[in-house]
Amino acid sequence: MKKNSMTMIDNRTGKSYEYSILEATRGPSVVDVRSFFKDTGMFTYDPGFTSTAACDSEMTFIDGGKGELRYYGIEIEELATNHSYLDVCFLLSTGRFPTQEESINYDLEIRHRSFIHSGLKNLIESFPNSAHPMAILASAVSALSSFYFEHLELKSEEDYMEMKRRIIAKMPTLAAFSYRHSLGIPLICPDIERSFTENFLYMMRAYPGGKMHIGVDGEEKISSVEIEALDTIFTLHADHEQNASTTTVRGVASTGAHPYVAISAGISALWGRAHGGANESVIAQLEMIGDVKNVPAFIKRAKDPEDDFRLMGFGHRVYKNFDPRARVLKKLQDKLSDALELDSELIMIAREIEKIALSDPYFIERNLYPNIDFYSGTILYALGIPKSMFTVIFVIGRTVGWINQWVEFKKDESSKIARPRQRYLGK
Ligand code: SDX
């Protein structure tokens with residue numbers, strides 16, 4: 001019997017089966033059951049993959065019990081507080097921080113790739129104005145594969161870096177175009193004089209022709225506070241291990257499809273309200289609750305097994321403690337409440353929900369804590385980002401994680417096509 005192994009015994013036959021235990025550098029070890037079906041003629045059973053590791057990865061580590069999140073070993077609090085989103089993109093793309101010169105060059109490379117082919121503008125403008133920006137974005141990103149079809153075959157490290165730079169750079173532009181089209185107003189092209197995050201706010205807010213509104217103080221209406229807040233939000237959303245949308249991206253990667261259609265599939269998966277769509281649902285829920293005095297009634301509904309009402313922004317498959325990103329956002333919310341005139345009524349309702357939920361046995365027994373979406377919504381709302389764009393903001397932040405998880409999958413020689421089995425209960 002091998003030392004680092006687990007033995008399973010089929011009590012029906014007394015037969016035993018031994019499986020190797022593979023160690024991790026952080027977090028749980030894994031039991032290698034790849035030969036389980038061949039050995040036993042049975043499948044392991046894990047709908048929702050609550051106990052299943054689908055791959056090896058070196059990028060992002062989550063300790064759900066401690067409420068810890070790291071990118072390449074660096075804690076999210078450190079990244080969100082002391083590094084720009086683009087430097088975090090460089091870290092996720094290379095495994096290290098850039099030198100000062102690399103940081104400047106990477107920023108320039110991204111700015112110069114933020115432009116969009118006019119054919120894509122026509123595609124976006126072909127949608128009805130009533131189309132949700134997420135629907136437009138998923139379609140536009142899929143169409144982007146047609147303009148860069150050469151990325152289907154990536155041969156050199158530079159090919160991979162170029163493919164990643166392009167999608168990271170173009171996502172904010174496609175996102176702003178999707179939003180402006182939904183308003184029926186002319187699209188605004190990127191201004192490469194502006195940083196990544198400022199440029200997105202500019203493309204969202206500029207008047208037709210590109211002029212920005214100048215306030216009575218003579219300042220352009222894009223404040224440094226807003227840019228810093230949104231840059232932090234992008235960093236907090238950058239990657240998150242094997243969540244539902246990343247699993248979708250890796251699934252599409254496993255069939256050999258174009259990287260940008262895998263990202264499009266990730267956008268579609270993220271849209272669901274159980275996943276990235278929760279941030280938009282949190283604000284809608286706070287607005288529906290409408291007053292602090294109505295909170296107890298909604299908490300009661302959230303606890304009622306007969307009622308499918310759930311508290312948006314609460315609970316997480318992995319975090320059985322505070323989501324560390326929520327902790328950063330809560331501090332940011334406190335810091336910005338005056339500067340951004342956060343909607344005090346919505347914040348008060350959110351704080352009341354948090355206070356009641358965190359002391360209620362139903363939530364405590366189920367380890368239901370506020371997650372990233374619970375706080376991001378109120379800050380985005382205060383930044384004047386419309387609800388329909390909340391999940392789009394999540395897409396902009398997460399694109400770097402998705403595309404680097406895609407590359408990690410492609411470079412893993414043990415990767416196979418994703419093809420789970422089932423327990424058949426039919427005739
Ligand atoms: C994100 O995976 C990631 O990493 C995702 C993400 C990322 O960065 O990629 O972190 C982003 O998606 C955050 C989650 C955003 N979603 C929401 O806020 C939607 C509300 N949350 C729930 O839908 C739910 O908590 C999930 C989907 C997030 C997690 O669901 P699980 O792990 O499958 O847990 P479960 O549904 O099995 O619930 C366990 C129990 C159940 O009660 P019992 O059957 O045991 O009595 O907890 C209850 C659930 O009813 N429960 C809730 C609840 N979430 C779970 N009850 C009320 N309100 C909730 N929000």
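Every number in this text was worked out from the coordinates using simple rules, so none of it is lab data. Computed from a prediction, not measured in an experiment: that's the story for all the values here. Virtual Cβ from ideal backbone geometry, glycine too; neighbours counted across all protein chains shown.
Here are the numbers for this structure:
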| item | result |
| --- | --- |
| Farthest toward positive dipole pole in region 5-70 [+1 Lys/Arg, -1 Asp/Glu at C-beta], among Ala54, Ser35, Gly14 | Gly14 |
| Check: region 212-298 dipole with +1 on Lys, Arg Cβ and -1 on Asp, Glu Cβ, in debye | 560 |
| Amide H contacts under 5 Å for Phe314, placed H, 5+ residues apart | Asn371 |
| Average Cα contact separation per residue, region 5-70, under 8 Å, 6 or more apart, as relative contact order % | 17 |
| Förster radius 35 Å - calculated FRET efficiency between Ile364 and Arg423, Cβ distance, rounded to 0.05 | 0.60 |
| Shape parameters for region 5-70, alpha-carbon atoms, Rg then Dmax in Å | 14.6, 45 |
| Charge dipole (the chain, unit charges on Cβ, about Cα centre) - positive-most of Gln100, Val252, Leu144 | Val252 |
| Cα-based convex hull, the chain, per residue volume (Å³, whole number) | 187 |
| Positive dipole terminus of region 232-341, leading residue within Val318, Ala262, Asn279 (C-beta point charges) | Val318 |
| Net charge dipole size for region 5-70 [Lys, Arg +1 and Asp, Glu -1 on Cβ; Debye, nearest 20] | 160 |
| For region 1-138: relative contact order, % (alpha-carbon pairs under 8 angstrom, 6 or more apart) | 9 |
| Table column - 3J(HN,Hα) (Hz), region 111-128, Karplus curve with 6.51, -1.76, 1.60, x for Gly and Pro | 4, 6, 9, 7, 7, 10, 4, 4, x, 6, 4, 4, 4, 4, 6, 7, 7, x |
| Electrostatic dipole magnitude of the chain [Cβ: Lys, Arg +1; Asp, Glu -1; Cα centre; debye, to 20] | 1620 |
| Between region 370-419 and region 94-145, the Cα center-to-center distance that results, in Å | 14 |
| Computed over the chain: relative contact order in percent, which uses C-alpha pairs under 8 Å that are six or more apart | 19 |
| For region 418-427, 3J(HN,Hα) per residue [Karplus equation, 6.51 cos²θ - 1.76 cosθ + 1.60, θ = phi - 60°, Hz, x = Gly/Pro] | 6, 8, x, 9, 8, 9, 7, 10, x, 6 |
| Placed amide H near Leu69: partners under 5 Å, 5+ positions off or other chain | Asp63, Ile76 |
| Eligible lysines near Lys410 by straight Cα distance, threshold 19 Å, same-chain separation 8 or greater | Lys155, Lys164 |
